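To start, the structure itself, in structure tokens.
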């Protein structure tokens, strides 16, 4: 799937669809260094904001050896994508309406990251 990173109206850089993406399509894998909880907590306390929990004591730090997936921004209302944890990997997946070429790819980071 083709995506591009460019300036976002939401925040900083954003991840955008470079082609139409049908619903249910795995757009991009969220990659980065795999770190245990203790390391993740230290990095978060120091300001890290690209760490995803994968499973028990396993996290992915997208800012360390990651890819452009870390640029997908948060949208609580009407996100066009969601996260899928599948066989030890994290994917950003197109939501039910799909994503049009040029549209920013967004998902809800959840109430742990952004309390309601």
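The values are calculated or read from the model by the stated rules, or taken from the named source; none is laboratory data. Here the structure is a predicted model, which means the values were calculated and not measured. Cβ: placed from backbone, ideal geometry, glycine included. Neighbour counts: every protein chain shown.
If a residue must be within 12 Å of residue 90 (Cβ to Cβ) and out of contact with any strand residue (DSSP E or B) (no Cβ under 6 Å at 6 or more places or on another chain), how many such residues does segment 18-33 contain?
Within segment 18-33, the subset within 12 Å of residue 90 (Cβ to Cβ) is 26-32.
Applying the additional criterion that residues be out of contact with any strand residue (DSSP E or B) (no Cβ under 6 Å at 6 or more places or on another chain) yields 31.
Count: 1.
When you go through 107, 52 one by one, which is the residue that is at pLDDT below 95, within 11 Å of the chain's Cα centre (by Cα) and under 17 Å from residue 32 (Cα atoms)?
It is 52.
Go through segment 66-84 residue by residue and tally those that are farther than 21 Å from residue 11 by Cβ and modelled with pLDDT under 95.
Of the residues in that region, 0 qualify.
Looking for whichever is in a helix (DSSP H, G or I) and more than 14 Å from residue 107 (Cβ to Cβ) here; the options are 9, 38. Which one fits?
38
Go through (1) surrounded by 15 or more Cβ atoms within 10 Å (Cβ to Cβ); (2) in the same structural domain as residue 6 (by TED's automatic domain parsing); (3) in a loop (DSSP other than H, G, I, E, B) for residue 48 and report which single condition fails.
(2)
Among residues belonging to segment 60-104 that are touching a helix residue (DSSP H, G or I) at 6+ places or on another chain (Cβ under 7 Å) and buried (at least 17 other Cβ atoms within 10 Å of the Cβ), point out the one that is farthest from residue 35 (Cα to Cα).
Selected residue: 92.
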